[in-house]
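Reading through the structure tokens given below for one structure.
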Amino acid sequence: MRTPAHLLWIYRAYVLIFFLYLVAPLLAAGAFAFNDSQFPSLPWQGFTLDWFFSPVEPKLGLFHDERLLRGLGNSVHIGLIVAALSVAAGTANAFLFVRRDFRFKALLYILMVVPLVIPGVILGISILVFASMIANFADLEFGLFLTWLRPGIPLVVLGQFSFLTTITSLVIAARLQKFDVALEEAALNLGASGLRVLMTITFPFLLPALFSAFVVAFLVSFENFNTTLMLVGSDAPLTVTMYDRMVKVGSTPVLNAVSVVLMLGSGFLALLSVVVQRERSPSS
């Protein structure tokens with residue numbers, strides 16, 4: 001049955017409006033990064049790259065702003081650690097829940113998913129209180145000063161790891177469920193060791209999911225604010241640094257310049273993830 005022309009046009013208009021709704025704020029934020037003005041607002045004062053490259057005030061550019069660059073470095077550092085730990089733990093969880101049957105499996109699976117539905121602020125406060133309680137007890141009873149349980153990068157890593165592991169577990173488990181176990185059994189029957197089967201058959205099949213899970217974990221870690229704000233110390237990541245700048249100084253186009261860099265970086269990682277998925281799809 002042929003779709004009426006007016007319904008087709010309504011559908012196209014809806015799709016166009018929907019994507020404009022998603023893209024318009026990003027385009028606006030990116031455009032003001034190139035506006036030759038002290039504030040990210042109209043009217044347009046002219047095109048400039050000062051908010052990226054200017055070495056002097058009042059238009060100190062992103063690539064000369066030591067505090068923003070330090071926050072960017074902290075975010076990359078935290079993101080890489082959290083992503084690596086989350087993928088490792090997520091891989092173990094995927095094998096546990098897909099390949100094994102044990103008592104209370106359903107209950108444990110629900111508990112694994114719970115961090116995704118807990119507000120980030122509540123999660124951050126809970127981790128901070130729990131870690132501080134352990135650190136205070138160790139200090140009072142044993143004279144141990146556990147700095148990694150105090151607000152700072154280690155505690156931020158611990159807090160983000162607590163919910164990002166759930167995401168990586170779900171991504172990797174979805175891929176593992178599609179794997180044909182007969183391939184492993186055939187390799188074992190031909191004399192291959194369990195480790196060799198894992199490294200040459202199973203892990204290559206899981207590679208797209210492992211890479212995608214790593215990218216997702218890194219990006220979510222990079223942009224996380226609510227949980228991170230509760231656990232941060234003196235070495236603040238980029239999101240907290242930007243928030244602090246907004247509160248103390250107000251919005252300036254240099255924050256829009258940061259947004260442009262983040263959008264380009266996120267887009268590149270997402271595109272790279274798609275390319276990896278497509279390159280591995282024929283062999284899967």
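The values are calculated or read from the model by the stated rules, or taken from the named source; none is laboratory data. Note that the coordinates shown come from a computational prediction; the quantities given were computed from them, not determined experimentally. Please note: Cβ atoms are built from the backbone with ideal geometry, for glycine as well, and neighbour counts cover all protein chains shown. Ligands, DNA and RNA are stripped out before the accessible areas are found, and what is left, the full protein with its side chains, is counted by its heavy atoms. Shrake-Rupley method; radii C 1.70, N 1.55, O 1.52, S 1.80 Å.
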| Would it be correct to say that residue 86 is part of a helix (DSSP H, G or I), open to solvent by less than 40 Å² (accessible area, probe 1.4 Å) and small (Gly, Ala, Ser)? | yes
| task | Quick one: which helices (runs of 4 or more DSSP H) lie wholly within the range 184-284 and hold at least 2 residues that are more than 20 Å from residue 157 (Cβ to Cβ)? | result | 194-197, 203-223, 238-248, 253-280
| Can you spot a residue in the range 47-68 that is part of a loop (DSSP other than H, G, I, E, B), of a type in the set (Asp, Glu) and modelled with pLDDT of 90 or more? | yes
| said: Condition (residue is more than 25 Å from residue 269 (Cα to Cα) and outside any helix (DSSP H, G or I)) applied to the range 90-98: is it met by at least one residue? | reply: no
| Only one of (1) at pLDDT 90 or above; (2) within 17 Å of the chain's Cα centre (by Cα) fails for residue 266. Which number is that? | (1)
| task | Inspect the range 9-29 for any residue being closer than 17 Å to residue 251 by Cα and either touching a Phe, Trp or Tyr at 6+ places or on another chain (Cβ under 9 Å) or among the small types (Gly, Ala, Ser) (or both) and give the result as yes or no. | result | yes
| remark: Considering the range 119-130, residues that are without any contact (Cβ under 8 Å) to a residue 60 or more places away in the chain and surrounded by fewer than 14 Cβ atoms within 10 Å (Cβ to Cβ), and then whichever is farthest from residue 150 (Cα to Cα), we arrive at 122
| query | Within the group 227, 239, which residue is crowded, with 19+ Cβ neighbours inside 10 Å, in contact (Cβ under 8 Å) with a residue 12 or more places away in the chain, farther than 16 Å from residue 69 by Cβ and in contact with a helix residue (DSSP H, G or I) (Cβ under 7 Å, 6 or more places away or on another chain)? | reply | 227
| note | Of the conditions (1) open to solvent by 50 Å² or more (accessible area, probe 1.4 Å); (2) among the hydrophobic types (A, V, I, L, M, F, W, C); (3) under 28 Å from residue 245 (Cβ atoms); (4) modelled with pLDDT of 90 or more, the single one that residue 16 does not satisfy is (3)
| Can you name every residue in the range 46-62 that is in contact (Cβ under 8 Å) with a residue 40 or more places away in the chain and either exposed (fewer than 13 other Cβ atoms within 10 Å of the Cβ) or touching a Gly at 6+ places or on another chain (Cβ under 7 Å) (or both)? | 51, 52
